[in-house]
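Contents: one structure, followed by commentary.
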Amino acid sequence: MCGIFGYVGTKKNAPNIVLEGLKTLEYRGYDSWGVAAVPLEKTSLGTNTITIKKQAGKIGAATVTDMPTSNFAFGHTRWATHGGVTDENAHPHIDCTGTISVIHNGIIENYEQLRTKLLKSGHIFQSETDTEVAVHLIEEYSKRMMFTKAVQKAFNEMEGLNALIVMNTKDHKFIAARNGSPLVIGFGFGENYLASDAAALLPHTKQVHYLEDGEMAIVSEKGVMIFNAKTGSFIHPKKQTLTWTVKQAEKGHYQYFMLKEIHEQPGIVTDIATGSTSHAARLAKIIKKADLTYMVGCGTASYAGLAGTVLFSKIANQQSVPVVGSEFFYY
Ligand code: GLU
């Protein structure tokens, strides 16, 4: 699962805020990373292009102090699916004019058809990824419609399970869309955030809205607008307050997040058994009635699901099937 983090506001060190955000998402695993920013200063010709720093490998001791001053930036930790692990294939990706950039989580299943069409129209690709078709498609559509509409049209043409964030140099706002891959909006004062996991937002805000499948959002420092990606109709944000602390979301004294999660298991099982009995009982009832149960998880959780199917069979005498989250759509 890749990591996504975006900042729009008035603080002028946006690239660094984004890099720190990406570090909190490192536990998700990744093979390359990158940050894009719209510089505050325009060139002497009054134009502006997006500055990108991206590379294969871990963030480690890397900094973004060489990036320009900016209050509008986003970043990505990639888990390659299409195209090797190279600097060029790392996100963010950029259009032919250098003024539109995209980060993406998921797989654009129909990317080959879209790429062929875009190549014929003269677009120049710099990477082997499926993601890059999104930015050129948006560039193409934005020649003849408003930018938000162009993103909406491009997103609706992308098949598969995807989360997308787009920025351009003209508007000081992100356009984000989700279908199957997680995205959460963080509400600040005079600044707003986007991330693939609420844990990354904890140092900045506890007010969040989890984007639902098929939702799009316009996120600027002034506010957030959410609408249905298909119909364009307005959706009222369902703000939630996070109840966890930064400390709870950290690795603590454990060497790895996985180790922390393993050690937390006895406490969590006890909490469920004593604190959330009604939820557990309701779930047990549903499972008992079902013909079949799927155990869905990503990464290590999918192995836990696999082990869970054995326990289900032995203890509960119930049949269940383990499925990796990214494949569940096909079931
Ligand atoms: N499919 C995209 C790529 O290979 C996105 C991968 C991801 O979700 O990190 O670049």
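Residues that are touching a Leu at 6+ places or on another chain (Cβ under 7 Å) and not small (Gly, Ala, Ser): does the stretch 82-101 have at least one? Checked against the condition, which is being touching a Leu at 6+ places or on another chain (Cβ under 7 Å) and not small (Gly, Ala, Ser), the stretch 82-101 yields no hits at all. Scanning the stretch 1-30 for residues that are of a type in the set (A, V, I, L, M, F, W, C) and closer than 29 Å to Glu261 by Cα turns up Met1, Cys2, Ile4, Phe5, Ile17, Val18, Leu19, Leu22, Leu25. Scan (1) away from the ligand (no atom under 14 Å from the Cβ); (2) at negative phi for the single condition Tyr111 breaks and write down its number. It is condition (1) that Tyr111 fails.
Among residues of the stretch 89-101 that are under 15 Å from Ala150 (Cα atoms), those with a beta-carbon under 7 Å from a residue that is part of a loop (DSSP other than H, G, I, E, B) and more than 14 Å from the ligand (Cβ to nearest atom) at least six positions away or on a different chain give the pairs Thr99/Thr49; Thr99/Ile50; Thr99/Thr169; Ser101/Ile50. Within the stretch 126-145, the residues that satisfy the criterion of being over 19 Å from the mean Cα position of the chain (by Cα) and more than 13 Å from the ligand (Cβ to nearest atom) are His136, Leu137, Glu139, Glu140, Tyr141, Ser142, Lys143, Arg144, Met145. Here is the figure for the stretch 84-114: residues that are of a type in the set (Asp, Glu), surrounded by fewer than 21 Cβ atoms within 10 Å (Cβ to Cβ) and in a loop (DSSP other than H, G, I, E, B) total 3.
Across the stretch 1-17, the number of residues qualifying as within 16 Å of the ligand (Cβ to nearest atom) and either hydrophobic (A, V, I, L, M, F, W, C) or part of a helix (DSSP H, G or I) (or both) comes to 4. Right, Ala73: away from the ligand (no atom under 16 Å from the Cβ), in a strand (DSSP E or B) and at pLDDT 95 or above or not? Answer is yes for this residue. Residue selection: Ile165 satisfies the criterion of being part of a strand (DSSP E or B), among the hydrophobic types (A, V, I, L, M, F, W, C) and at pLDDT 95 or above.
Taking the stretch 61-80 as the range and being within 21 Å of the chain's Cα centre (by Cα) and either exposed (fewer than 14 other Cβ atoms within 10 Å of the Cβ) or hydrophobic (A, V, I, L, M, F, W, C) (or both) as the test, the residues that pass are Val64, Phe72, Ala73, Phe74, Trp79, Ala80.
Condition check ((1) charged (D, E, K, R); (2) touching a Gly at 6+ places or on another chain (Cβ under 6 Å)) across all residues:
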| position | (1), (2) |
| --- | --- |
| Thr231 | no, no |
| Lys247 | yes, no |
| Glu264 | yes, no |
| Ala284 | no, no |
| Leu292 | no, no |
| Met295 | no, yes |
| Glu327 | yes, no |
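A single entry from Tyr303, Tyr294 fulfils the requirement of being outside any helix (DSSP H, G or I), among the hydroxyl-bearing types (Ser, Thr, Tyr) and under 30 Å from Gly3 (Cα atoms): Tyr294. Looking at Thr81, Thr63, Thr51, just one residue is within 22 Å of Lys23 (Cα to Cα) and within 15 Å of the ligand (Cβ to nearest atom), and that residue is Thr81. Can you find a residue in the stretch 146-160 that is assigned to a strand (DSSP E or B), closer than 22 Å to Arg78 by Cα, away from the ligand (no atom under 15 Å from the Cβ) and not small (Gly, Ala, Ser)? No, every residue in the stretch 146-160 fails to be assigned to a strand (DSSP E or B), closer than 22 Å to Arg78 by Cα, away from the ligand (no atom under 15 Å from the Cβ) and not small (Gly, Ala, Ser).
The residues of the stretch 120-131 that are closer than 17 Å to Ser142 by Cα and surrounded by fewer than 16 Cβ atoms within 10 Å (Cβ to Cβ), listed by number, are Ser121, Gly122, Ile124.
The values are calculated or read from the model by the stated rules, or taken from the named source; none is laboratory data. On a predicted model such as this, the values are computed, not experimentally measured, just so you know. Cβ sites come from the backbone with ideal geometry, for glycine too, and all protein chains shown count toward neighbours.
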